[in-house]
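Participant: Quick one: structure below, then a few questions.
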Amino acid sequence: MLTTLQTAYTDTRADDLAWALGREPLPALAVLDLELGGAAVQLRLLGASHQVLVEEERGGPCSETVACMPGSSTPLPLGVAKRVGGWEYEFAAQVETHPREAFAERTQELLALVADHPHGIAGTFPGSPLAFTALLAQHREGRLRWRTWHTYPQEGRLVATRTQVAVARPPVAGPGPRDGAVAFPA
């Protein structure tokens with residue numbers, strides 16, 4: 001799904017992106033609701049980038065926000081792996097810098113990839129066709145995965161993120177001491 005976001009493109013920078021887990025839903029300019037692998041997934045385009053909301057019976061809720069958030073003190077990390085509620089969460093980010101012509105080619109490739117995909121949403125900003133935010137989600141091998149792209153044409157920079165979540169497995173209980181065996185404290 002390709003849409004034009006009804007907001008002005010403000011001169012933000014890739015370095016202004018911040019990352020947060022567990023935020024409540026923020027006002028969205030466009031939303032794509034999906035059912036993937038038994039989970040409700042909502043891809044949200046914000047005026048300042050993206051938010052993904054996931055809800056699944058065993059894992060519970062999970063919320064990822066990558067956006068220019070005033071007052072946020074958590075910059076965009078290169079990588080995170082942690083347990084979030086009932087989820088195992090992994091995140092990675094990469095910043096690409098391209099010369100103007102290569103930047104235009106790369107952005108057009110990405111928009112073509114996401115625009116017609118049934119699990120993708122991209123929003124362009126009026127007046128700046130190379131400025132967009134795009135999200136693409138899938139369920140594979142028991143994991144929900146999504147990729148995002150945020151472009152900053154004035155800098156020739158593209159921020160790409162990859163996230164995967166899976167319902168956390170409960171700890172495996174090992175065998176207890178056998179009859180007559182002595183258990184030593186860890």
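The values are calculated or read from the model by the stated rules, or taken from the named source; none is laboratory data. This structure is a prediction, so every number in the text was calculated from the model and none was measured. Counting neighbours? That spans all protein chains shown, and the Cβs are built from the backbone with ideal geometry, glycine included. We work out accessible area using only protein heavy atoms, side chains counted, and drop any ligands, DNA or RNA first. Shrake-Rupley method; radii C 1.70, N 1.55, O 1.52, S 1.80 Å.
Participant: Test of understanding: in a Gaussian network model of the chain with alpha carbons linked when under 10 Å, which of 151, 65, 97 would top the mean-square fluctuation ranking?
Facilitator: Most flexible of the set in this elastic network: 97.
Participant: Give me the accessible area per residue for the stretch 50-167, probe 1.4 Å, as a whole number in Å².
Facilitator: Spelled out: the 1.4 Å probe surface of the stretch 50-167, per residue, equals 46 Å².
Participant: Counting each DSSP H run of 4 or more residues in the chain as -39500 (n - 2.57), what helix-only mean residue ellipticity at 222 nm follows after dividing by all residues, to the nearest 500 deg cm²/dmol?
Facilitator: -3000 deg cm²/dmol
Participant: Can you tell me the convex hull volume per residue for the stretch 53-154, based on C-alpha atoms, in Å³ to the nearest whole number?
Facilitator: 140 Å³
Participant: Another question, if that's okay. Can you send over the carbon and sulfur percentage of the accessible area for the chain, probe radius 1.4 Å, protein chains only?
Facilitator: Within the chain, the accessible surface is 53 percent carbon and sulfur.
Participant: Kindly give Rg over Rh for the stretch 114-158, based on alpha-carbon atoms, with the Kirkwood expression for the hydrodynamic radius.
Facilitator: Radius of gyration over Kirkwood radius for the stretch 114-158 works out to 1.08.
Participant: Can you give the relative contact order of the chain as a percent, counting alpha carbon pairs under 8 Å and 6+ residues apart?
Facilitator: 24 percent
Participant: Report, please, the projected area of the stretch 32-74 averaged over directions, based on the convex hull of its C-alpha atoms, in nm².
Facilitator: 3.5 nm²
Participant: Please compute P(r) over all alpha-carbon pairs of the chain, binned at 5 Å starting from zero, and give each bin as a whole-number percent.
Facilitator: The distribution over the chain is 1, 8, 16, 19, 19, 13, 8, 5, 3, 2, 2, 2, 1, 1, 0, 0, given as percents.
Participant: Show me the GluC sites (Glu not before Pro) within the stretch 1-108 that DSSP assigns to loop and that have at most 11 other Cβ atoms within 10 Å of their Cβ.
Facilitator: Sites meeting the loop and neighbour criteria: 57.
Participant: Can I ask one more? Taking the radius of gyration and the Kirkwood hydrodynamic radius from Cα positions alone, what is the Rg/Rh ratio for the stretch 1-63, to two decimal places?
Facilitator: Dividing the radius of gyration by the Kirkwood radius yields 1.01.
Participant: Exposed loop sites here are trypsin sites (Lys or Arg not before Pro) in DSSP loop states with at most 12 other C-beta atoms within 10 Å. What is the longest stretch of the chain lacking them?
Facilitator: My reading of the result: 59-177 is the longest stretch.
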